[in-house]
Amino acid sequence: MPRLQEIHANLVDRLQEAKDQGWLGEVAAIETAMAAAALKLEAMRERADQPSTVHLGMPDIRHDTGRSSAAAERSLPSGPKLRG
């Protein structure tokens, strides 16, 4: 945000110079850039005012979530049986 504020201040100086020199096309371009910078600064200020953390709450631990060990064993691929 400080860099954008610096850019906006520089645009104010450039706008005055363009008006003094009669550079109408440059005046229009600088005014457009200033408006865009002002909008971006406002959006940055609004974002800075918002909380930066989000409360996600506690996880809901349910007993029916996931697989039981018996179900997990049934789903394992059956490979060749080893003889001992």
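One table, with the values for the structure above:
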read-out: Two-site FRET efficiency, residue 3 against residue 53, from Cβ-Cβ distance with R₀ of 22 Å, rounded to 0.05; value: 0.30
read-out: Cβ-Cβ FRET estimate between residue 24 and residue 46, R0 fixed at 35 Å, reported to 0.05; value: 0.55
read-out: Environment charge at residue 17 (Cβ cut-off 15 Å; Lys +1, Arg +1, Asp -1, Glu -1); value: -2
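Here, each number is a calculation from the coordinates, and none is a lab measurement. Since the structure is predicted, the reported quantities are computational estimates derived from the model, not experimental observations. Positions of Cβ are generated from backbone atoms using ideal geometry, with glycine treated the same way; all protein chains shown enter the neighbour counts.
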